[in-house]
Amino acid sequence: MRTVIKNATVVTMNDAGDILHEADVVIEDGRIVTLFSSLTGEEAYPSVEKRRSADVQIDAEGDVLLPGLINAHTHLAMSLFRNYGNDVALKEWLEDYIWPLEAHLTREEIVAGAKLSILEMLRGGTTTFADMYMEEDAIAEAVKEMGIRALLCPAFTDGSIATRPEEVKRLAAYQKPEGRIQMRLAPHAVYTCSPETLHKVKALGDEWGIGFHLHLAETREEDEQCRKTYGMSPTMLMDRAGLLGPETMLAHAIWLDDDDIACIAARGACCVYNPVSNMKLASGFMPLEKLHRAGVTVALGTDGPSSNNTQDMFREMLIGSLIQKGHMLDPTAADAHTMLWMATRGGALAIGQEKDLGSIEVGKKADLILVDFRHVRHTPKPEDIEAALVYATASDDVRLTMVDGVLRMQDGRFPGQNEEAICQEAENAWRKLHEQKGQHA
Ligand SMILES: [Zn+2]
């Protein structure tokens with residue numbers, strides 16, 4: 001199977017930050033085999049024949065081709081709780097709204113929420129996500145079916161430590177070398193996992209030879225409570241349990257002191273910035289510049305669609321940039337290139353798939369998106385394409401999403417998926433949950 005995307009403006013996100021104009025990309029068996037720009041005329045193209053003999057030709061004149069976006073921290077199934085439990089702090093949101101509903105969630109409802117989120121992601125240009133939840137093996141089935149790429153991370157708490165290892169075993173059956181589904185373990189947070197639980201999760205991760213994905217230092221209350229209970233910060237507690245390493249993703253990472261940042265950098269752990277959730281729950285500002293200065297890789301994520309309330313990575317880039325500028329009183333903070341890097345390369349590094357994902361380069365997997373730049377929002381034709389992508393583009397401008405070289409969304413349609421049925425099932429699941437909550441209130 002050979003696909004050619006022709007005449008695109010390609011934001012490669014390679015190390016040099018190259019942007020190619022009037023470029024053609026040739027894809028074979030899910031990988032990029034050729035990248036050719038007629039303007040540079042460089043011979044990256046072994047044969048014109050390859051272009052002519054393509055099975056699928058996509059004319060991308062007027063479009064910008066980007067690496068698929070990587071949502072490095074989310075909770076897919078929480079799309080069912082979208083627009084529910086608003087304008088409260090994290091503790092109240094979890095205890096009064098989310099946890100009582102999650103107590104009733106069935107496997108089928110989790111799948112319904114996950115499918116809804118996958119549609120939303122493919123629609124908005126996300127090709128890979130890192131999820132933290134329960135029943136991840138059921139979510140794996142939805143991922144397999146819908147063709148997106150995922151790092152699935154079963155969430156451990158003191159309450160679930162007994163049953164979760166079985167789920168991990170079931171999930172592992174979906175994990176294949178080079179496959180679209182990979183897994184890590186997710187000790188939820190210091191306020192839901194005792195040190196004993198953290199040690200057990202660490203031992204299980206070592207047994208499977210996989211890394212971790214956790215919530216860290218999200219609120220001031222978490223930091224204060226942890227110091228009071230254990231005499232150390234959440235970062236130091238997670239480190240003491242052996243959970244910080246190059247294959248660890250730390251979501252939020254807001255309330256960090258200089259020692260915490262030095263520790264994260266020394267261990268080579270990656271952080272995930274969740275600006276919209278952090279602003280909505282009034283959790284605080286990630287010390288992004290300090291983390292970057294310490295050499296920490298920072299990726300970007302939406303967090304669950306209940307505290308966001310979308311999975312829109314374009315909105316995340318915009319707000320993530322603006323709040324850093326405002327917070328730092330520095331217009332150079334979190335510039336457009338940095339935000340794009342976090343949503344692509346940073347994500348690939350954080351999930352440990354830098355070899356295959358995050359940039360448009362020969363040899364990498366063809367996880368690609370086309371953004372329509374013929375829109376009135378992109379008029380006049382922007383000189384600074386990265387700025388246009390971060391400050392002016394809306395996720396609805398994405399007109400094509402491809403994962404592993406396969407078209408998963410084109411012009412708002414999802415080949416092979418019944419969008420209406422997926423939305424209806426999510427609607428039914430939410431109605432049922434809401435009624436149940438009413439009965440138990
Ligand atoms: Zn989260």
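The values are calculated or read from the model by the stated rules, or taken from the named source; none is laboratory data. What you are looking at is a predicted structure, and each value in this text was computed from that prediction instead of being measured. Here the Cβ positions follow ideal geometry from the backbone for every residue, glycine too, while neighbour counts run over all protein chains shown.
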State the number of residues belonging to region 251-280 that are charged (D, E, K, R) and within 13 Å of the ligand (Cβ to nearest atom). 1
Within region 322-337, is there a residue that is touching a residue at least 12 places away in the same chain (Cβ under 8 Å), part of a helix (DSSP H, G or I) and within 16 Å of the ligand (Cβ to nearest atom)? no
Would you point out the residue of region 135-162, among those that are within 17 Å of the chain's Cα centre (by Cα) and within 16 Å of the ligand (Cβ to nearest atom), that is surrounded by the fewest Cβ atoms within 10 Å (Cβ to Cβ)? A155
Criterion violated by S38 - all others in (1) among the hydroxyl-bearing types (S, T, Y); (2) more than 22 Å from D356 (Cβ to Cβ); (3) at pLDDT 90 or above satisfied: (3)
Within the bounds of region 163-185, is there any residue that is buried (at least 22 other Cβ atoms within 10 Å of the Cβ), within 16 Å of the ligand (Cβ to nearest atom) and not hydrophobic (A, V, I, L, M, F, W, C)? yes
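Taking strands (runs of 3 or more DSSP E) that do not extend beyond region 64-172, which have at least 3 residues that are of a type in the set (K, R)?
On the way: elements: 69-74, 126-133, 149-156.
Strands (runs of 3 or more DSSP E) meeting the threshold: none at all.
Determine which member of the set E218, E166 is of a type outside the set (A, V, I, L, M, F, W, C) and out of contact with any strand residue (DSSP E or B) (no Cβ under 6 Å at 6 or more places or on another chain).
On inspection, the qualifying residue turns out to be E166.
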Return the total of residues in region 281-306 being small (G, A, S) and either without any contact (Cβ under 8 Å) to a residue 12 or more places away in the chain or away from the ligand (no atom under 15 Å from the Cβ) (or both). 3
Please verify whether V201 is farther than 19 Å from P246 by Cβ and either among the aromatic types (F, W, Y) or crowded, with 20+ Cβ neighbours inside 10 Å (or both), treating the condition exactly as stated. no
